[in-house]
Structures are given as C-alpha cells and as structure tokens.
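Reviewing the structure listed below.
The values are calculated or read from the model by the stated rules, or taken from the named source; none is laboratory data. What you see is a predicted model, and the numbers here were worked out from it, not measured in a lab. Cβ: placed from backbone, ideal geometry, glycine included. Neighbour counts: every protein chain shown. Surface accessibility is based on the protein's heavy atoms, side chains included, excluding ligands, DNA and RNA. Shrake-Rupley method; radii C 1.70, N 1.55, O 1.52, S 1.80 Å.
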Amino acid sequence: MLPDFTNPAEWLPWAFASLMGLSILIYVILDGFDLGVGILFPLADDGEKEKMIGSIGPFWDANETWLVLAVGLLLVAFPTAHGVILSSLYLPVFIMLVGLILRGVAFEFRAKARSGQRKLWNAAFFTGSIVTALAQGFMLGLYIMGLEQTPATYGFAALTALLLTIGYSFIGAVWLIHKTEGVLQGKAIDWSKGGLWSVMLGIGAVSLATPFVSPRIFGKWFSVPEIFYILPLPLISGALVLWLFVMLRRMPFYGDRLNWLPFAVSTGLFALAYVGMAYSFYPYVVPERLTIYEAAAAPESLLIILVGACAVVPVIIGYTVLAYFIFRGKATALRYD
Amino acid sequence: MDALDTLLLSRIQFAANISFHILFPTITIALGWVLFFFRLRFTQTGDEKWMAAYRFWVKVFALSFAMGVVSGITMSFQFGTNWPGFMETVGNIAGPLLAYEVLTAFFLEAVFIGIMLFGIARVPGWLHMLATGLVAFGTTMSAFWIIVLNSWMHTPQGFEMVDGVAFATDWWAIIFNPSMPYRFAHMMIASFLTVGFLVAGVSAFRWILGDRSREVRAMLKTGVVIGGLLMPVQILVGDMHGLNTLEHQPAKVAAMEGNWETQGNVPLLLFALPVEAARENRFEIGIPNGASLILKHKMDGVVPGLNDFLAEDGTALHPPVTPVFWSFRVMVGTGMTMLLLSWASVWFMWRRRYLHVGRIAGHWLAVEGLPKPILWALVPMAFSGWVATLAGWYTTEIGRQPWLVQGVMTTEMAVAEVPAPMVLGTLIAYLAIYAGLLIAYVSVIAYLATKAARGDDVQPRGARPAPGAVPAE
Ligand code: HDD
Ligand code: HEM
Ligand code: HEM
C-alpha cells in the first residue's frame, strides 16, 4: 500500500489521494448529519423543526466546504481523472448541485421571508437535502461500477442512492440524540433504530458488490494473506453495529449521560466502511481505468499545494473544533442576538 | 456543428452561472467590512444605533453569503463538467491558486460565519468582533486568489509550455501578473460601491416609509459617503486599468473604444452602433480627440484599431465589438450616475446640516436635507452596483475572446464533449432556479426593510425614538 517515499512522482500522488480521501470522509460524516437532519425534517412538528435547524445552523456551511476541498483536490491533483469523472457524471452532479442550492438558501430564506412563506422554504429545505443525498448515493454506485452506464449499473446506483440517503438520515438522527432533549430526543432515538437496519444493509450490499467489480479487487479480498489484513474490518464493523443496537434500545441513559456516544460509534462505522472501499480501489482513482499515478499533475505544482496544506489544515481543524466547542450543548432555536 | 453548439451553450451556461455567482460576492466582500465597521463603532461609542444597523445588515449578509456559497460550489464543479480542457492545459497553474483559495479563504469564512451570526450571546465581545473581522478578511482573500487566477488568464506569465501543457516556472510572476493589481483594486472598490449604494438605497427606502430611527440616519450617511469617496478613486483606478490593458490586450481596448482603424485624433464615442460586417460604426456621437487624450494623453495620440487584428484571409482575431463596446459604456455610465448622485446627496445633507435631528446637535450631515427626488433616486440605485459590476466583467471577459488564456489557449480548446441537448437542458433549469432565487432575494430584502421601518424588528426598545415622534414629511 505504501509508496516509495524517495520518489516525489510516487509519494506526492499518494499523499494527495490520502488527503482527498480524508476530505471526502470528513464531508460524508459532517454534511451527512446536516443532510440527515434535513431528510428527517418533515417528521418533526414546528417547534422541533426550529431546534433541528438550530442543531446544524452554525456548522453546515463549514461542513459543506469539505466537499469543495475534495473536489478542489481532485481537480488540482488529478486533473485528467477530474475531467473523466465529472463529465461522465454530468447529470447526477447537476442534480446534486440543485439540491445543494435549494438546501443552502432555504436555510436562510425560511428564517427571513414573511411567515406565510415558511412552509414553502421548509419544503425546499427537505427537498434539497434528500435530492442531494440521493444524487450522491447514485454517484457512489456508478463510481463503484467503474462509471459504466448500463441498466444493471443504474439499478445498483439506484440502490446505493436509497441506502446512502437512509445512512445520512441515520447519522442525522444520532446527531440529534446528542443535540436535543425530551420528546424530540425520544423521536431521534426511534429514527436511529429504524435507520440502523438500512445502514447495515447498505454496508453489506456495497461490500458484497465491490469484490465482483473486478477480479483484481476480488483477489485483494479473498486470497491469503490479504484476507487477514481485511478481516478486522467486517469484524469490527459488526461489533459496532451490535453495540449500537444494544445502546439505542436503552437510550436515553440516566441524566442524559453519554448522549454523544452513538454519534461517535456511528462515525467509526462510517470510517471503517470507507477505509474498506478505499483499500479495494487503491491505486485507482477512476476504477480499473486510471491510477492515481497516471492521473497526477506535475510534482512541482503538487508540492507547492502540499506545503500550503500542511501549514493551513491544522489551523482549519483548530478553529473548526473551536466552533463546535462554542456551540456545544443542546440546540436552541437560532437567534441573531 | 455539434461541437460548436455545445461550445456556445457551455459558454452561455458558464456566463450565466458566474454572473449569478458574482452578484453575491460583490455584496459579501464589502458588506463584511461594513459590518465590522458597525461593530467597531458600537464597541467604541456604546451607541445602540450601530448595533441596530449591525443587526439589520447581518441578516442581508447571511442571506447573500448563502447565495454566494451555493452558487460558488456550482462554479467549482463547472470546470470539470464543462471545461475539462482548461484544467488539462493550465491545471498546473490554476490548480494551486484555486487550492490556496479553498485553504486560506473558504474555510476561514465558512467557520467563522457561524460564530459571527449566532455567537453574539455565547462568546465574549472581542471574539465576536474578531470573528466578524475574520469573515471579512476571508471574503477578501477569496477575491484575491480568484482574481489572481482570472488576471493570469488575461496577462499570463511565469510559465513554460511543454507538450501543450503549462508548467509554472515563477510563482511570484504568476501571482503578481501585470493586470492583477489593477483588477483586484478595481474589483474591491466595485464591491464597496455596490454595498455603499445598497445600504444607502435600502435606508432611503426605509426613510420614505417613514422610518426616522437613528440607525437609518447612520446607515444612509455611511452608504452615501462610501459612494462619494470611492467613486472618484474608481475612475482613477479604472483609467489606469485601461492603460494597462492597452499595453497587454490592445484588441480589447480597440473594441471598447469602437475604433476600427489605427490612427491619431480618435474621438471618445458616447454613442455608436458598431457594424461588424461593414467594419464601421453608424450614428457616431463623440467627443473629438477624447480617446486619444485618455489613452495617449495627447490630442493626436495614435490609438490601435481593430484593423490590426485581422488574419490574412480577413477573419477577425479580435473580440466581438458590440457587446464589449456597450457593456463598457453601461459600466462607465452607471459609474457617472453614482458619482453625481452620491455627491449631490452629500452636498444637500451638508448644506442643510442645521436640520439635523438627534442627540449630537450640529452634526455635519443631516438626512433631513435630502430633497425628495434624491431620496427616490437612491432607491432604484440600490442595485446599481450589480449592473456596473456585471457590465465590467462582460467588458473584460468578452474582450478576451477568442482566447480563454490570452495567447495560450482558445475557449474552443477547453470545452467538454457533452451532448448539446444535455447542456441546454441544464442551462434552462439553472436559469429558472436563478430567476426564482433572485426574485426571492430582492423581495426578502424589501420585506426586511419594510418590517424594520414599521418598527417590529427584533431590537431592544429605546434604540429608536417611539414611532411618530418625529413627524413624517
Ligand atoms: C471577486 C470575487 C469572486 C469571484 C470572481 C469568484 N468568487 Fe467564488 N466566492 C467569493 C468571491 C469570488 C466569496 C466572496 O469568497 C464567496 C461569496 C460568498 C461566500 O460565501 O464566499 C465565494 C464563494 C465561493 C464558493 C463557496 C465557498 C464556501 O463554501 O464557503 C466556491 C466553491 C467558489 N466561490 C468558487 C468560485 C469559482 C470557481 C469562481 C470562478 C470561476 C469564483 N468563485 C469566482
Ligand atoms: C466574477 C465575475 C466574472 C464574470 C461576470 C465573468 C463573465 C464571463 C463571461 C460573460 C464569459 C463569456 C465570454 C464569452 O464567451 O463571450 C466568461 C468567460 C470565461 N471566464 Fe469569466 N467571468 C468572471 C470571472 C471569471 C473568473 C474568476 C474565472 C476563472 C478563474 C473566469 C473564467 C472564465 C472562463 C473559463 C471563461 C470561458 C468560458 C466562456 O467563454 O464562457 N471568469 N466569463
Ligand atoms: C467610471 C469610471 C470607470 C472606468 C474608467 C472603468 C474602467 C474599467 C476598465 C478599463 C475595465 C476593463 C479592464 C480590462 O481591460 O480587463 C473595467 C472592468 C471592470 N469594471 Fe470598471 N471602470 C469604471 C467604473 C466602474 C464601476 C462604477 C464599477 C462597479 C461598481 C466597475 C466595475 C468593474 C468590474 C467588476 C470590472 C471587471 C473586472 C476587472 O477587469 O477589473 N467599474 N473597468
């Protein structure tokens, strides 16, 4: 897995692939819970809606920026792959962008437009969130299928679209367990229990499908000794799912203790699933067509970005943590004063 | 033919998206600093009117910011979906610049805006002020990096071409390329002018609705003074920008002036209908020797004409003349209107400063001094900055055609092979969404203003005189 660290043409693409992978993972978890809260929106009453919005209000913008970084890194580090991937996903990308536009502006408009229009913007908020999630899941499916466009791959992509959407609503629900209390928290616990089933199904389906995309990946999974490297992934994931099932049945705990734990465990679960996928596809950036080494930009340009990234990313993480710290605790309806 | 259709549609789509996007950065860049100013004045003076002004404009800022973010994300995907050739050819230069924009600007503004908008009650005053300042700084950084890239596309240097791909040789030269300082200064001032007139226009609207609160006075003065101070500077910077362009992109200047022949004693055209086929203008009205004087500082200065940019076989190697010619005039015309209006407003407010009502008697500007026609003129001018900014960008960008990166690659070389109907379909959908959002945006600002003018905004009591305390006109 590790590149030759003395050769910049090797380790730079590798470093950028890791950075991009990390950025996508952070995006999926952070904007995942924002989108999830949006998907769960219609299930709550008006007062609860304000609290739900309050639980993501100060964060959603920064969370979305990880997507910008991921696309930016793909664009700068792997320009050819960027072209191939985005032009073959032209329509789903467009649909996702429409979703993101609706979600983002509805957030502001619902709070500022005359109150008669609030229902309309609430609907736009929900629609935007769910459309974004569906489009991302669809792209994920097509990507796993090597960007081939046949009825079968569309079918698979439709399935992943559905599963990722439920996955987002699950992580949104566990986020709400952390950020809310009382009746709404009770609802969030119920939503999480329902979502966990599909999360299990989703991770299972993707794991089952991936090895059959190509003999190469199949070999990476089911041959000795590789199988021993990969075996901990399904085992730990299974344990985490079990833990979540047991924990969610007993929540809320006395005195609302450990309300953050389901979110933390779910984050671990998502991360494991993601690492499994990354392991399967490495070293390809366009599955089975283009490796990260073939697609990389000039080493000089990559180096200059890496220097900047190493200096700035720790600072970004620092002030992101500061923001989450400032807005810790239970969410309240948002106010500008 | 098919490729051409895709090209044309992709250009229209890109132009539509960036035009929509730029409307909101233009507001957020300067409004961030204006909010910082309100916040600072409140801390310095403890006067509630500054906080009331802050509270009102921070809502407009939040709304504009959200519009800017979502349309910006669309922009960053556009490069891949519609212009893959762009990154394949100049990616080694454009890439790092875009990456630095994300790293040094986008995260900064996106994280601190949360604290700025919702943190007032949760963090100490200094941290809230710092957050406000950092958001403003972030938007400015973002403008800096993207303008570096855009200016490099106009005046590229510091690179070498190897097998049709650009490689950077000197980053300093790339960043400080010849047109960058002018373009950055011109754009920053454009942003402040836009916000100045937005603030003045919305405040005038509230005044007309009968709002006589102290913050409305403070806001109206702030807006008009920003406009009055910066407009002359903008003319100066614009002139220097034009001279710089004359050196590096003479074809663009020839199109802006509508000058078909290289010659001396060129007039400054105020009106004309350029006819591309006949290569001449109809119905010219101009100031004799004006263009020669502005561009060469001599009555008989020789100004390059469009005839210098013809291929052997007569095909034009210069940009289309009519759009460049006219958008340039729209920008300058709007600028002149801004100059007149802001100076007239300041003059009237100063001359009748004794009319000033308020705590600090004898303050040097009195909003009461504004004649009604001027108040009414300020309202439609609220969005005049948008008109001038868009017109300016059209001048610059269309003036660069047929090049995408001047002298390096043409726009045609960059386009993706996406089926034309697909581009058309998405284009129509974008336009529909943008039209809806623009209507919603402008009407929400009008609604917020009306609500504030009627006094039912969420604000501490006592911050304003009781409604009706000062008789309406
Ligand atoms: C002169 C200024 C300027 C110009 C010419 C552009 N932008 Fe922009 N952009 C901004 C100034 C800005 C800003 C002020 O920084 C914004 C607007 C509101 C905001 O949130 O940040 C922004 C937001 C913004 C975002 C969202 C950032 C976030 O998540 O916070 C993206 C991805 C882009 N832009 C991308 C682009 C691209 C690809 C452009 C060119 C083709 C572009 N922008 C032109
Ligand atoms: C912010 C304000 C901007 C506006 C209003 C604007 C507007 C336009 C317009 C109208 C065109 C079409 C010209 C034509 O095809 O005749 C164009 C072309 C182009 N501009 Fe800009 N532009 C802006 C900034 C930028 C920036 C910052 C970049 C790059 C970093 C950029 C990159 C391009 C590209 C790639 C094209 C070629 C595609 C095309 O012809 O449509 N533009 N722009
Ligand atoms: C009235 C005096 C003005 C002059 C002489 C002037 C001059 C110019 C020139 C020559 C250009 C083209 C730059 C190029 O060659 O690429 C330009 C572009 C532009 N102008 Fe103006 N301008 C004026 C007023 C304004 C005003 C009032 C605004 C907005 C409020 C504005 C906004 C812009 C913008 C956004 C651009 C495109 C970006 C750039 O290239 O700087 N201008 N201006």
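GluC sites (Glu not before Pro), restricted to the stretch B:280-352: which are DSSP loop and have at most 12 other Cβ atoms within 10 Å?
B:Glu312
Of the candidates A:Gly36, A:Gly116, A:Gly238, which one comes out as most mobile in a Gaussian network treatment of chain A with C-alpha springs shorter than 10 Å?
Of A:Gly36, A:Gly116, A:Gly238, the most mobile in the Gaussian network model is A:Gly116.
How big is the protein assembly as shown in terms of Cα radius of gyration and Dmax, in angstroms?
So, for the protein assembly as shown, Rg and Dmax equal 28.4, 92 Å respectively.
Please report the spacing between the Cα centers of the stretch A:13-60 and the stretch A:213-256 in Å, no decimals.
23 Å
When only Cα pairs under 8 Å and 6 or more residues apart are kept, what is the percent relative contact order across the stretch A:18-67?
Averaging sequence separation for qualifying contacts and normalising by length gives 63 percent for the stretch A:18-67.
Taking amide H positions as placed 1.01 Å from N in the peptide plane, with prolines and chain starts having none, which residues 5 or more places from B:Leu268, or on another chain, fall under 5 Å of its amide H?
The answer is B:Ile287, B:Asn289, B:Gly290, B:Ala291.
Please compute the contact order of the stretch A:223-337 in relative form: average sequence separation of alpha-carbon pairs under 8 Å and at least six residues apart, divided by the residue count, as a percent.
Once normalised by length, the contact order is 17 percent.
With a sphere of radius 12 Å drawn around the Cβ of A:Glu181, what net charge do the other residues whose Cβ falls strictly inside it have (Lys, Arg +1; Asp, Glu -1)?
Net of charged neighbours comes to +2.
Which loop chymotrypsin sites (Phe, Trp or Tyr not before Pro) in the stretch A:114-159, with loop taken from DSSP, have no more than 14 other Cβ atoms within 10 angstrom of their Cβ?
none
Per residue, how much accessible surface does the protein assembly as shown expose to a 1.4 Å probe? Answer in Å², no decimals.
40 Å²
Let me check against my output: what whole-number percent is the relative contact order of chain B, with C-alpha pairs under 8 Å and at least 6 apart?
It comes to 19 percent, rounded to a whole number.
Can you compute the equivalent ellipsoid semi-axes for the stretch B:248-315, i.e. the square root of 5 times each eigenvalue of the Cα gyration tensor, sorted largest first and rounded to whole Å?
Largest first, the stretch B:248-315 gives 19, 15, 9 Å.
Between beta-carbons, use under 13 Å as the cut-off and find the net charge around A:Leu147, counting Lys and Arg +1, Asp and Glu -1.
-1
How much accessible area is lost when chains B and A come together, counting both sides, with a 1.4 Å probe, in Å² rounded to the nearest 100?
5800 Å²
Non-local amide H neighbours of B:Val275 (under 5 Å, H modeled in plane, Pro and chain starts lacking H): which ones?
For B:Val275, the qualifying residues are B:Glu280, B:Asn281, B:Arg282.
Enumerate the helices in chain A for which the Kyte-Doolittle hydropathy averages 0.5 or more and the C-alpha atoms extend at least 15 Å along the helix's axis, using complete DSSP H runs.
Span-like helices in chain A: A:8-40, A:60-77, A:90-112, A:118-144, A:151-179, A:182-209, A:232-250, A:261-281, A:299-326.
Quick check: at a probe of 1.4 Å, how many percent of the accessible area of the protein assembly as shown sits on carbon and sulfur atoms?
C and S atoms contribute 71 percent here.
For chain B, return all DSSP H helices satisfying: extent of Cα atoms along own axis at least 20 Å; mean Kyte-Doolittle hydropathy at least -1.0.
Span-like helices, by this rule, are B:2-45, B:48-82, B:84-101, B:125-154, B:180-208, B:214-248, B:321-351, B:384-398, B:420-453.
Mind telling me which of A:Tyr168, A:Tyr27, A:Tyr319 comes out most flexible in a GNM of chain A, alpha-carbon contacts under 10 Å?
Largest GNM mean-square fluctuation: A:Tyr319.
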